Amino acid sequence: MPPPPDPKAVFLNVPYDEEFHSLYIAYIVGLFQLGLVPHLASEIPGGDRRLDRISKLIQSCRYSIHDLSRVEVSVAPTAVPRFNMPLELGMTITWANLHPGLHTWFVWESELHRLQRSASDLNGTDPYIHNGTAEGVLRELCNAFRRDRMPSVPRMLEDFHFVDNNLNAILYKYGTRNPYDRSVFMELSWLSKTLADLTRQTGPIA
Amino acid sequence: MRKPIHITTPWPTQEEMARRFRIPKARQRELQALVDEFKAKLSPLEEPPVTLVEPEKRRKRASAA
């Protein structure tokens, strides 16, 4: 029997796109507001093969969120479909089926019925539809998870805007333009966690 | 749509997160100050502002009564 996963850990399987960064921040902010801790493949230090590292990370997390909203053919002349997110979802489903009770996975999409076209084998799985907005991500996180003393979506949205507005300063500090960079992810997480602590202490939750 | 999962695990502690995210203490203080400032601006006023009445006017009102 594998060791139990971290009950607060959520593996985030999201596209590392510039256009996606607001939703990525919304996931981080929202998960901390729910008392959960996001994990990203880019946070793992090098060494093993990347796929092995991702596999270990999935196994160490109690939950995973797979955002398939940007599984599409790129617009570049040599257009290729993007397989990373479905690949990691497949790895997760296998792990969850082998060890029921150790892992719960969720699929996120931007449009209703799009999943039926992009991955019809997932028919019967209800995706969480975020409509491509940060507010949608926060709303759907509250549909997927509940906990006592959780803040309202508008309150979460305020915190999201604060973190989003501070992104450029953090990118500048670390000399990068990549919001998915390990150091940037760590700092965004810390900021979100600090906000969540204060929101919880100051209440009210409405 | 499946029922939401009810999270009952304890909230992540400061120490736990400090170990995981390895943010230097000085930077933690900077970010905390940033967040405190932001939250202070957000906090709604709990009570309506008190209207001060000048002592002179107060005396006039009392004598007129």
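With respect to the stated conditions, A:Gly101 fails to be of a type in the set (Gly, Ala, Ser) and closer than 30 Å to B:Val35 by Cα. Pairing residues of segment B:20-44 that are closer than 17 Å to A:Arg155 by Cα and in a helix (DSSP H, G or I) with residues that are of a type in the set (Ser, Thr, Tyr) and modelled with pLDDT of 90 or more, at Cβ distances under 7 Å and at least 6 apart in sequence or on separate chains, gives B:Val35/A:Thr194.
Take the residues in segment A:34-84 that are of a type in the set (Asp, Glu) and surrounded by 12 or more Cβ atoms within 10 Å (Cβ to Cβ); name whichever of them is modelled with the highest pLDDT.
It comes out as A:Asp67.
Taking the listed residues A:Gly124, A:Gly136, the one that is of a type outside the set (A, V, I, L, M), within 14 Å of the chain's Cα centre (by Cα) and more than 10 Å from chain B (Cβ to nearest Cβ) is A:Gly136, with no other qualifying.
Apart from one condition, A:His161 fits all of (1) within 27 Å of A:Leu89 (Cα to Cα); (2) without any contact (Cβ under 8 Å) to a residue 60 or more places away in the chain; the exception is (1). If you go through segment A:1-33 and keep only what is modelled with pLDDT of 95 or more, surrounded by fewer than 23 Cβ atoms within 10 Å (Cβ to Cβ), farther than 14 Å from A:Ser64 by Cα and within 14 Å of chain B (Cβ to nearest Cβ), you end up with nothing. Residues in segment B:38-65 that are surrounded by 11 or more Cβ atoms within 10 Å (Cβ to Cβ) and modelled with pLDDT of 80 or more were compared, and the one that is nearest to the chain's Cα centre (by Cα) is B:Lys39. The residues of segment A:151-167 that are more than 19 Å from B:Gln14 (Cα to Cα) and facing another protein chain (nearest Cβ under 10 Å), listed by number, are A:Arg155, A:Glu158, A:His161, A:Phe162, A:Asn165, A:Asn166.
The residues on offer are A:Pro151, A:Pro127, and the sole one that is under 22 Å from A:Val10 (Cα atoms), in contact with a strand residue (DSSP E or B) (Cβ under 9 Å, 6 or more places away or on another chain) and modelled with pLDDT under 95 is A:Pro127. When every residue of segment A:113-128 is checked against the conditions, at least one turns out to be out of contact with any helix residue (DSSP H, G or I) (no Cβ under 9 Å at 6 or more places or on another chain), surrounded by fewer than 20 Cβ atoms within 10 Å (Cβ to Cβ) and at positive phi. One residue stands out in segment A:168-189 among those that are in a helix (DSSP H, G or I) and more than 11 Å from every other protein chain (Cβ to nearest Cβ): the one that is nearest to A:Leu12 (Cα to Cα), namely A:Val184. Every condition in (1) of a type in the set (Gly, Ala, Ser); (2) farther than 23 Å from B:Ile7 by Cβ; (3) surrounded by 19 or more Cβ atoms within 10 Å (Cβ to Cβ) holds for A:Ala134 except the one numbered (2).
Hey, any hits in segment A:4-25 for a residue that's hydroxyl-bearing (Ser, Thr, Tyr) and more than 22 Å from A:Leu191 (Cα to Cα)? Can you show your working first?
Going through segment A:4-25, the residues hydroxyl-bearing (Ser, Thr, Tyr) turn out to be A:16, A:22, A:24.
Right, trim to more than 22 Å from A:Leu191 (Cα to Cα) and you get none.
Scanning segment A:4-25 turns up no residue that is hydroxyl-bearing (Ser, Thr, Tyr) and more than 22 Å from A:Leu191 (Cα to Cα).
Checking each residue in segment B:6-22 for being over 15 Å from A:Asp6 (Cβ atoms) and at pLDDT 90 or above picks out only B:His6.
The values are calculated or read from the model by the stated rules, or taken from the named source; none is laboratory data. Remember, it's a predicted structure, so these values are computed and weren't measured experimentally. Reconstructed Cβ throughout: ideal geometry from the backbone, glycine too, with neighbour counts over all protein chains shown.
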